[in-house]
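Each remark here refers to the structure printed beneath this line.
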Amino acid sequence: MESHRTGDFQTTSGLRKIIENDGNLDDVLAFFEERLLPVEDIQAKVLAEEILNDPPEIGYLTISNALQWRLQYSRVIQKAGNIVGIFKVL
């Protein structure tokens, strides 16, 4: 899988929807807060500005922050070979 496809699916999809709906900095910061992302206020603002200027590609991993950060790969396996940047391994 190419690195630009390794983001969390729900997070990247949500951010792109905010941008498509003409969202602003406050909308992105509120999204971070709702997702309980472990980021300090100053860094959150910097990241939100970067996201608004250069929206992320949709990621295909599932990242769970319950108790510990864990990756789940079932979506990647399902999409392999059908999405640019996600390769099917034979």
Open item on the list: Take the residues in the range 6-22 that are out of contact with any strand residue (DSSP E or B) (no Cβ under 8 Å at 6 or more places or on another chain) and in contact (Cβ under 8 Å) with a residue 24 or more places away in the chain; name whichever of them is nearest to Ala44 (Cα to Cα).
Closed with: Leu15
Open item on the list: Residues to consider are Ile51, Ile42; find the one that is surrounded by fewer than 12 Cβ atoms within 10 Å (Cβ to Cβ), modelled with pLDDT of 95 or more and of a type in the set (A, V, I, L, M).
Closed with: Ile42
Task: When residues of the range 1-39 are limited to those that are under 22 Å from Gln78 (Cβ atoms), out of contact with any Phe, Trp or Tyr (no Cβ under 7 Å at 6 or more places or on another chain) and basic (Lys, Arg), the one surrounded by the most Cβ atoms within 10 Å (Cβ to Cβ) - done: Arg16
- [ ] Just one of (1) of a type outside the set (Ser, Thr, Tyr); (2) closer than 20 Å to Arg75 by Cβ; (3) not in a strand (DSSP E or B) trips up Ile63, so point out which.
- [x] (3)
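The values are calculated or read from the model by the stated rules, or taken from the named source; none is laboratory data. Keep in mind that what you see is a predicted model, and the values were worked out from it rather than measured. Because the Cβ atoms are built from the backbone with ideal geometry, glycine has one as well, and the counts that use them run over all protein chains shown.
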